[in-house]
Structure formats: structure tokens, C-alpha cells
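Working notes, structure below.
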Amino acid sequence: MNIYIVYDSEDGHTESLAHSIAQGARSVTGARVILHHVERADVHDLDKMDAIIWGCPGHFGSISAGLKTWIDKLGYLWAHGKLVDKIGAVFCTTATEHGGIEATLLNLITPMLHQGMIIVGLPANVPENVLYGSYYGVGITCRLEDSPDDPPNMPTEDDLALGRALGRRVALLAGKFIGRREG
Ligand SMILES: Cc1cc2nc3c(=O)[nH]c(=O)nc-3n(C[C@H](O)[C@H](O)[C@H](O)COP(=O)(O)O)c2cc1C
């Protein structure tokens, strides 16, 4: 099955999370994963996908302008129902724990629902999710550095485990769904 992952990222935090999601999806036999920064992602690729995962840095509790501009190019696909019944999932990073993670995830999910997509979150039986995850997708905090000279606070191993869990879950469900749809 084909899985498309598109992300916005200015300083690499969300990009690192996107790579972990791709890694998790690729761990499922038969998954072909395409991963692109939003500047290189092509909306014309989407109708050939079985699952689409998109994510961004949370900007004031909502979708970053870069990813929103790209999502706003999906009108043609929406008008023709091209994304109906595709599996969808979302992810984001923020700088503070209460800096709008779940608001951003919900804002990322909304256009998927308008497209008729089937949303996949992360349930509580994912071990890392019980510790500190979200049920709406993967949302993690990468705290701002104390000084501009400090190395960047990138996602932790637990954060990346959540990413891998989401990617794997999407791929497993897409595989099951394709089997049922075609069988
Ligand atoms: C315009 C703008 C708005 C932001 N708004 C928030 C915010 O409301 N809450 C928060 O915690 N972080 C906010 N941030 C910080 C980013 O979400 C955070 O640093 C993120 O991890 C950056 O990801 P990236 O390195 O992939 O670009 C904002 C950053 C920018 C540039």
C-alpha cells in the first residue's frame, strides 16, 4: 500500500518526527512510503495513495502557513472526491507543553474530514502513549533552547517511539482496509 507523509518544518523538529513516522510505516511489509517537506510535496500524488499523514509545527494552536497553503491546493481533489475513504493521521511539534498541541492536531484533522478521509489516532494500548501521548495523533514538545548557542532540543527517544507507533498503525490499518475494500 502507498503512504504519503508531508510535513512543514523550519528548524528540523517536526522533520525529525516525520522521519520516525516514516520509519514506523516502513516496518510494515508491503508499505511504500513517500516522505516530503511541504515545499517538495506534490498534491497530484495524493490520489494514488492509500493513506496520507501530514504534520507541522504548531503556530498559535493551528496549522503553520506553509502546510495550510499546501492543503488549500487540495480543492480539486475535494471537488472530485479523490481522497474519500483514504486513511489519514496527523502530527505536530510545539515549544511548550500547553502551547496548543491538541488544538493543532484537531486543526490538522479538520481538512481531512472535509475530504472524507478516515482518521487514525493513537490508542492507549500503545505503551508510550499511556505515558504522555495524545489520542488525536502524535503531538510532542521540543522545549526552546536556553540560549541560541545551545544545541537544538530535538525529539526524545520516547517522542520518536510515538512517531514510529503512528506510522506503523497507519500502515497496518491501510493494509487491512485495502484488503477488505478490494476483497
Ligand atoms: C509563528 C510561530 C508561532 C508559534 N506558536 C507557538 C505556540 O503557540 N505554542 C508553542 O508551544 N510553540 C509555538 N511555536 C514554536 C514551534 O511550534 C516549535 O518551536 C516547533 O517545534 C518548531 O518546529 P520545527 O523546528 O519543525 O519548525 C511557534 C513558532 C512560530 C514560528
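The values are calculated or read from the model by the stated rules, or taken from the named source; none is laboratory data. Please read these numbers as outputs of a predicted model, since none were measured by experiment. Ideal geometry is used to build each Cβ from the backbone, glycine not excepted, and the neighbour counts take in all protein chains shown. Surface areas here come from the heavy atoms of the whole protein model, side chains and all, with no ligands, DNA or RNA. Shrake-Rupley method; radii C 1.70, N 1.55, O 1.52, S 1.80 Å.
Do you know which residues across the range 29-48 are among the aliphatic types (A, V, I, L, M) and out of contact with any Lys or Arg (no Cβ under 6 Å at 6 or more places or on another chain)? Passing the criteria: Ala31, Ile34, Leu35, Val38, Ala41, Leu46. Scanning the range 121-166 for residues that are assigned to a loop (DSSP other than H, G, I, E, B), among the hydrophobic types (A, V, I, L, M, F, W, C) and free of Cβ contacts under 8 Å to residues at least 60 places away in the same chain turns up Leu122, Ala124, Val126, Leu144. Mind listing just one residue for me: the one in the range 103-120 that is out of contact with any helix residue (DSSP H, G or I) (no Cβ under 6 Å at 6 or more places or on another chain) and part of a loop (DSSP other than H, G, I, E, B) and, of those, surrounded by the fewest Cβ atoms within 10 Å (Cβ to Cβ)? Only one residue fits best here, namely Gly116.
Scan the range 58-92 for residues that are open to solvent by 20 Å² or more (accessible area, probe 1.4 Å) and part of a strand (DSSP E or B) and the total you get is 2.
Looking only at residues of the range 10-29 that are under 17 Å from Thr96 (Cα atoms) and not in a helix (DSSP H, G or I), we find that the one that is least open to solvent (accessible area, probe 1.4 Å) is Gly12. Kindly provide the set of residues from the range 132-167 that are farther than 17 Å from Ser16 by Cβ and in contact with a helix residue (DSSP H, G or I) (Cβ under 9 Å, 6 or more places away or on another chain), ordered by number. Hits for the range 132-167 are Tyr132, Ser134, Tyr135, Tyr136. For the range 11-58, the set of residues classified as over 14 Å from the mean Cα position of the chain (by Cα), within 16 Å of the ligand (Cβ to nearest atom) and within 21 Å of Thr156 (Cα to Cα) consists of Asp11, Gly12, listed by residue number. For Ala41, the requirement of being part of a loop (DSSP other than H, G, I, E, B) and either of a type in the set (Gly, Ala, Ser) or open to solvent by less than 30 Å² (accessible area, probe 1.4 Å) (or both) is met. Here Asn129 meets the list (1) within 29 Å of Val43 (Cα to Cα); (2) away from the ligand (no atom under 16 Å from the Cβ); (3) open to solvent by less than 70 Å² (accessible area, probe 1.4 Å); (4) not acidic (Asp, Glu) almost entirely, failing just condition (1).
So that you can scan it fast, the table gives a plain yes or no per residue for (1) without any contact (Cβ under 8 Å) to a residue 12 or more places away in the chain; (2) farther than 21 Å from Gly121 by Cβ:
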| position | (1), (2) |
| --- | --- |
| Ile34 | no, yes |
| Val43 | no, yes |
| Ile53 | no, no |
| Leu77 | no, yes |
| His80 | yes, yes |
| Ala95 | no, yes |
